[in-house]
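The structure appears below as structure tokens.
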Amino acid sequence: MYRLLVTFFLVFAAVGCAQSSSAFKGLNPQQARLLAERMESDRREQLEADLQSAFSVRPPQNILVLSRGGADGAFGCGFLSGWRQEEGGRPTFDLVTGVSTGALMSTFAFLGEERDDQSLRELYTKLRDQDVFNGPMTWGAPGSLYDTVPLQELLKKTITHEVIARVGAAHRQGRRLYVATADLDANALVIWPMSMLAAEGTPESEERYRRILLASASIPMFLPPVRIDGDLQVDASLREAAFLRDAMLGVAHAYDVAAKNSEPPARPTVYLIANGKLMSDPSAVSDDVMSVGLRSLELHQNSLQLFNLREVAHIAAEHKPQFAFKYISIPADVDDKPRGALTIMFDPATMKRLWAVGREMGRHAEAAWTIGPPPVDSDPGAATARVDASPPRGR
């Protein structure tokens with residue numbers, strides 16, 4: 001995102017004047033709020049019904065949360081691959097959630113077979129900018145500097161009918177997959193029931209599945225928003241870097257029913273893969289407006305990621321019964337920046353390096369996980385002013 005921001009400042013693109021087809025068009029503020037509340041209520045009911053159908057008797061045991069991160073998703077893909085080779089192997093996830101690059105990874109992480117790891121490796125070690133977007137666009141481009149025609153073709157090639165059918169089959173077995181987008185019109189995070197959509201098994205549901213994934217990766221201003229059900233949907237990392245909801249950990253009485261029917265299971269666990277470093281590297285910042293603006297946005301994104309990581313950990317800890325919480329991120333000493341032009345986002349050499357780092361850590365996953373969230377008073381990168389506590393000299 002930060003590299004694309006440079007291009008935004010260097011290349012000015014006029015916003016098109018396409019007419020909105022949003023249900024919010026023409027509403028006064030009170031009407032718009034009421035509509036947004038109804039939409040949120042309907043979506044919450046749909047989510048809870050979908051979770052109830054899966055986990056009312058058999059609660060989830062293993063949950064995977066995939067964060068945003070762009071090209072750093074190569075690290076997460078490598079970790080998943082290496083984790084399979086650890087003693088005991090990688091668990092089958094009852095529920096997977098994804099944001100941004102995590103959303104693009106989520107289908108194959110959810111399916112979880114060796115061939116799916118290979119699909120992720122192909123995607124995240126060979127991807128180039130031209131495989132994702134075209135541009136910068138010419139004057140009058142509607143709503144973005146770049147278009148996503150290459151990404152749309154890539155999604156058709158990778159998220160095939162057969163892949164979606166396998167997701168639908170997993171849904172019918174009681175597993176669940178969710179990705180999120182940000183609804184610009186409603187100013188809301190939208191959680192999409194992807195496995196339920198896959199289970200519908202129609203050409204329309206398959207197309208909708210791919211459009212949601214496209215929207216999940218559409219960085220505002222740089223990549224065009226995707227209109228779904230009348231509203232503009234974009235990358236959810238505007239709102240949350242990773243997400244989990246309490247209802248996803250098991251609905252009412254599920255654990256009581258499970259305990260009566262079988263031996264108590266092992267402690268359930270939420271695993272979070274942060275596709276990036278927890279904090280950006282320190283560096284000298286010039287006092288020009290571009291440098292200050294970009295660094296400020298970077299610090300904001302760091303803070304959002306840490307907040308969401310702690311939020312997910314809190315949900316796991318407060319649930320009854322309590323879930324264990326483990327997370328992994330790119331180590332601070334790993335070079336995760338492309339070597340080349342400032343605006344390069346997807347550099348195969350860098351992504352291969354990150355994939356290899358992730359794979360090696362995954363092969364020793366049990367030792368690599370951090371258990372519990374980072375303490376609030378010891379943020380990575382936090383600086384504490386030194387105070388001289390000695391008494392003043394003189395009188």
Whole-percent tail of the Cα-Cα distance distribution for the stretch 19-113, cut at 22 Å, equals 52 percent
What FRET efficiency comes out for the pair Q130/A266, r = Cβ-Cβ distance, R0 = 56 Å, nearest 0.05?
0.75
In percent, what relative contact order does the stretch 42-114 have, based on Cα pairs under 8 Å that are 6 or more apart in sequence?
37 percent
Could you name the lysines in cross-link range of K156, using Cα to Cα under 28 Å and dropping any fewer than eight places away on the same chain?
K126, K352
What order, most packed first, do the peptides 52-61, 126-135, 269-278 have when packing is the mean number of other Cβ atoms within 10 Å of each residue?
269-278, 52-61, 126-135
When the solvent-accessible surface of protein heavy atoms is calculated with a 1.4 angstrom probe, in what order do R176, R211, R90, R43 fall, highest first?
R211, R43, R90, R176
If the reach is capped at under 12 angstrom between alpha carbons, list the aspartates and glutamates near K320, excluding any in the same chain fewer than eight residues apart.
D246, D256
Ranking M194, M221 from most to least accessible area with a 1.4 Å probe gives M221, M194
How big is the gap, in Å, between the Cα center of the stretch 30-107 and the Cα center of the stretch 304-324?
14 Å
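The values are calculated or read from the model by the stated rules, or taken from the named source; none is laboratory data. Model, not experiment: these values are computed from the prediction. Here Cβ is always computed from backbone atoms with ideal geometry, including for glycine, and neighbour counts include all displayed protein chains. Remember, those area values only see protein heavy atoms, side chains included, never the ligands or the DNA or RNA. Shrake-Rupley method; radii C 1.70, N 1.55, O 1.52, S 1.80 Å.
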